[in-house]
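The values are calculated or read from the model by the stated rules, or taken from the named source; none is laboratory data. The structure displayed is predicted, hence computed values, not measured ones. Surface accessibility is based on the protein's heavy atoms, side chains included, excluding ligands, DNA and RNA. Shrake-Rupley method; radii C 1.70, N 1.55, O 1.52, S 1.80 Å.
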Amino acid sequence: MPAINWNQQVWNVKTSPKMQMFIWRSLHGALPVGEQLEIRNIVTTTTCCRCNEPESILHLLFHCNFAQKVWKLAPFPQDFISTLITSLNEGLNAVRNQVTLPPVGLDRGKLYPWILWAIWTSRNQKIFENRIFTVEETILKATCDAREWNLAQIPVIGKTRFLSGVNRANHGVGTIVCCTDAAWMMFGASGSAGLGWIFTADEGQVSSYSSAHSFVSSALVAEALAIREALFKAVELGFTSLILQFDSLILIKAINSRSPLLETHGILADIVLIEKSFISLKFNFIPRLDNTVADSVAKQALWAFQSLLG
Ligand SMILES: [Zn+2]
């Protein structure tokens, strides 16, 4: 069996740090699947929750009947027969080289981490919350997450963007105020969210943006997503001095005190990272009644999204 190339398999994969960590843990045998738990004497029943075969990481991600069907639905030019894979390393190599067909249109290697992740999370939802995601929902979630993450990767959030922002600041562009809000409701098996952002420059120009997302687990997660997306949007627009206002007391406390908030942990970690792209960034709490414009933009986005989904 060829040795694992960690750079190729993990650290150079163009995906979110969370996905890199997930692949890294899989390759280290560090996902808490039945077989691993049995090795560590944690449990005695170690079978797959879907097919009763022994649950190894390879089984869960590639060999299980459910995984096979998910990979079969993946928008790859050629069917990927996941049962032919003999090791995790081999499986990752095979899927990493797949391009995705239009209209998904993600570059080579950009979708597979999210498919692995969706298989893993749908397994956990089944075991721990007794929520059943179908093969179709699982591949849809992977595609939505991959596209969402890729859209948020504005070219070079780091140095170049930062420098051009500095230049603009020197030319007198002042502080931008952004109000953000989210609307959330249960829809089908999971929640959907509409997010809205209103940017107001000190010269008084106003611009508004919105987006909508499926598989958002709670209203709080939706609010956190709105804050993160507002920051991404601000970076994309070249704003370097920003006051971000929203009406969630829980989140303002969590962000300002840097205290982890379990449900939104990954999103808050992203917020802390992207903060470095600003020269000045403040988070302000505003009462709900002062945030009605962002609220209605978020609601409209949610309604439009739901009518699209039927
Ligand atoms: Zn199985």
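Structure notes:
- The chain: antiparallel DSSP beta bridges as a percent of all, rounded to 5: 65 percent
- Using a probe of 1.4 angstrom and keeping all protein chains present, the accessible surface of segment 1-149 works out to 51 square angstrom per residue.
- For segment 6-152, Kirkwood radius (reciprocal of mean inverse C-alpha pair distance, Å): 15.4 Å
- Three semi-axes of the equivalent ellipsoid, segment 159-309, Cα gyration tensor, whole Å, largest first: 26, 17, 14
- Residue among 28, 265, 63 with the largest mean-square fluctuation in a Gaussian network model of the chain, springs linking Cα atoms under 10 Å: 28
- Protein heavy-atom accessible surface, 1.4 Å probe, per residue over segment 263-310: 60 Å².
- Computed 3J(HN,Hα) for segment 195-208, one whole-Hz value per residue from the Karplus formula 6.51 cos²θ - 1.76 cosθ + 1.60 where θ = phi - 60°, is 10, x, 9, 10, 9, 10, 8, 6, 7, x, 5, 10, 9, 10, glycine and proline marked x.
- Taking every DSSP helix (H) stretch of at least 4 residues in the chain, weighting each as -39,500 (n - 2.57) and dividing the sum by the residue count yields a mean residue ellipticity at 222 nm of -14000 deg cm²/dmol.
- With all protein chains in place and a 1.4 Å probe, the accessible surface of the chain carries 58 percent carbon and sulfur.
- Length released on extending from residue 187 to residue 206, taking residue separation times 0.36 nm less the Cα-Cα span: 3.7 nm
- Pairwise inverse Cα distances across the chain, averaged and inverted, put the Kirkwood hydrodynamic radius at 21.1 Å.
- Cross-linked pairs 141/276; 126/253; 233/299; 14/233; 233/276; 14/299: Cα-Cα separations exceed 23 Å for 141/276; 126/253; 14/299.
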